[in-house]
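The values are calculated or read from the model by the stated rules, or taken from the named source; none is laboratory data. Because the structure is predicted, anything quoted here is derived from the model rather than measured. Cβ: placed from backbone, ideal geometry, glycine included. Neighbour counts: every protein chain shown.
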Amino acid sequence: MNPIDAAARPAPPRINPLQRIWLRELGMERLWLRTPAAPAVKAPVGPSAGVSAGPSAGSSTGASARASVGAPSALSGGAPAAGLQSAIVAPVPAEARPAVPAIAPPAEGAQQSSPAAATPAEPPSGRASSAIPASILNRTGPPPRPAPKVEVQEEAPPPIPVAEAVKDANLEQLAAQVVACAACGLCKGRRHAVVGQGAQPTRWLVVGEAPGEQEDRQGQPFVGRSGQLLDAMLAAVGMSRERDVFITNVIKCRPPGNRNPKPEEIAACSPYLMRQIALLKPERILVLGRFAAQTLLGTDATIGSLRGRVHHLKTDEGAQIPVVVSYHPAYLLRSPSEKARAWQDLKLAARDL
Ligand code: URA
């Protein structure tokens, strides 16, 4: 045995049976287990360089030893097997090695030569024979592979809940928020979000259900046939959307095919309406249709039981706004005989409440 090698060995640590098998295969079992002479040159005990000369890559015993010794990078990335056994420094069991800094896992294929293995051993730095790889003597070894560049995806900040976002918004900011809103799936199918339209300051706030096709196209509430009927109804009590009334909906985006809005869409959208009420401070609210009435009044009562009387909506500021419920104009278009009842509702809303 090369005296330097022998001297370079640290005191043999305890080895497990698999390591013993491996040493036996390398023909080093006895050498390894012998007590070394006093070290002349202390062999480095490196994280990976120190064990860079593992068994030949094809050895099945070597493979199991790799698994057991637990130094995959050193063993798989080691120098070529040929000629190394004479120069090898005894493998250092994992527990005797310093912690290995986190580096990239070895590339696939244990045969892949490391730079140190591919290059002939560098001239030793005057400390030992050229038979000892510089990687062992100098503890330089193959340069650790750079860790793969992990693209750190900047996580998008979680969306601010609508109720939080609208808290301090003025009407203009609120309108911008509605237009940009993506709080529910309805934003995907909309042409326009419909914020609302009308007079400011507002005497009446008229609340419908959700934009229909025409409203979605034009971005304004109640512009179709329902809208024409609504304008006529308002005119009958001396009100106009230009002068007295602000018109909006519970849901600001059109549900596909005019289906009923889903509970999660209502929950996502209703903070906009509540903020509109807080900002517009209407004298009263006229709610059109079962859906809007149930949502605003927080009830599942029928429209028949809700209309014909005055409700009150308590605002966060402590105000009580009178609320009158009536039929939706679209329903009145389908059921003209109900217009008489709607007329009663309008007169109730117009009364000094
Ligand atoms: N129906 C509604 O409820 N709102 C509109 O804006 C249009 C039709």
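Could you list, ordered by first residue, the pairs with Cβ atoms under 8 Å in which the first is in the stretch 192-208 and free of Cβ contacts under 8 Å to residues at least 40 places away in the same chain and the second is within 15 Å of the ligand (Cβ to nearest atom), at least 6 apart or interchain?
As it stands, the answer is His192/Pro211; His192/Glu215; His192/Asp216; His192/Arg217; His192/Gln218; His192/Gly219, since those pairs meet every condition given.
Considering only the stretch 263-277, I want to know if a residue exists there that is more than 16 Å from the ligand (Cβ to nearest atom), more than 33 Å from the chain's Cα centre (by Cα) and farther than 20 Å from Ala350 by Cβ.
no
Looking at Glu242, Glu215, which one is acidic (Asp, Glu), in contact with a Gly (Cβ under 9 Å, 6 or more places away or on another chain) and under 20 Å from Phe291 (Cα atoms)?
Result: Glu215 is the single residue among Glu242, Glu215 that is acidic (Asp, Glu), in contact with a Gly (Cβ under 9 Å, 6 or more places away or on another chain) and under 20 Å from Phe291 (Cα atoms).
Which residue pairs have Cβ atoms closer than 8 Å, lie 6 or more positions apart in sequence or on different chains, and pair a first residue in the stretch 326-352 that is farther than 22 Å from Val223 by Cα and part of a helix (DSSP H, G or I) with a second residue that is within 12 Å of the ligand (Cβ to nearest atom) and of a type in the set (A, V, I, L, M)?
none
State all residues of the stretch 191-223 that are in a loop (DSSP other than H, G, I, E, B), out of contact with any strand residue (DSSP E or B) (no Cβ under 8 Å at 6 or more places or on another chain) and within 9 Å of the ligand (Cβ to nearest atom); if no residue qualifies, say none.
Applying the first criterion (in a loop (DSSP other than H, G, I, E, B)) to the stretch 191-223 yields 191-196, 199-203, 209-212, 219-223.
Still in the list and also out of contact with any strand residue (DSSP E or B) (no Cβ under 8 Å at 6 or more places or on another chain): 191-193, 201, 212, 219, 223.
Gly212, Val223, listed by residue number.
Picking from Leu353, Leu313, which residue would you name as being farther than 13 Å from Leu297 by Cβ and of a type outside the set (Phe, Trp, Tyr)?
After applying the criteria, what remains is Leu353.
I'm told Asp300 meets every condition in (1) farther than 22 Å from Ala350 by Cβ; (2) of a type in the set (D, E, K, R); (3) within 16 Å of the ligand (Cβ to nearest atom) except one. Can you identify the failing condition by its number?
Result: Asp300 fails condition (3) only.
Let's see how each residue does on (1) within 41 Å of the chain's Cα centre (by Cα); (2) modelled with pLDDT under 95; (3) surrounded by fewer than 13 Cβ atoms within 10 Å (Cβ to Cβ):
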{"residue": "Thr299", "(1), (2), (3)": "yes, no, yes"}
{"residue": "Gly308", "(1), (2), (3)": "no, no, no"}
{"residue": "Pro336", "(1), (2), (3)": "no, no, yes"}
{"residue": "Ala342", "(1), (2), (3)": "no, no, no"}
{"residue": "Leu353", "(1), (2), (3)": "no, yes, no"}
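Among the residues of the stretch 304-312, are any out of contact with any Pro (no Cβ under 7 Å at 6 or more places or on another chain) and β-branched (Val, Ile, Thr)? Give the steps one after another, and end with the answer.
Filtering the stretch 304-312 for residues out of contact with any Pro (no Cβ under 7 Å at 6 or more places or on another chain) gives 304-309, 311.
Next, only the ones that are β-branched (Val, Ile, Thr) stay: none.
Scanning the stretch 304-312, I find no residue that is out of contact with any Pro (no Cβ under 7 Å at 6 or more places or on another chain) and β-branched (Val, Ile, Thr), so the answer is no.
Conditions tested, residue by residue: (1) over 18 Å from Pro329 (Cβ atoms); (2) buried (at least 23 other Cβ atoms within 10 Å of the Cβ); (3) modelled with pLDDT of 95 or more.
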residue: Ala235; (1), (2), (3): no, no, yes
residue: Arg259; (1), (2), (3): yes, no, yes
residue: Lys262; (1), (2), (3): yes, no, yes
residue: Cys269; (1), (2), (3): yes, yes, yes
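Could you check the stretch 242-283 and list, in sequence order, the residues that are touching an Asp or Glu at 6+ places or on another chain (Cβ under 7 Å) and either among the basic types (Lys, Arg) or within 18 Å of Gln320 (Cα to Cα) (or both)?
If the condition is that a residue be touching an Asp or Glu at 6+ places or on another chain (Cβ under 7 Å) and either among the basic types (Lys, Arg) or within 18 Å of Gln320 (Cα to Cα) (or both), then Arg254, Ala278 are the ones that fit.
Ala293 passes all but one of (1) without any contact (Cβ under 8 Å) to a residue 60 or more places away in the chain; (2) of a type in the set (A, V, I, L, M, F, W, C); (3) not in a helix (DSSP H, G or I); which number fails?
Failing condition for Ala293: (3).
Scan the stretch 238-256 and give yes if some residue there is in a helix (DSSP H, G or I) and either within 22 Å of Cys187 (Cβ to Cβ) or more than 10 Å from the ligand (Cβ to nearest atom) (or both), otherwise no.
yes
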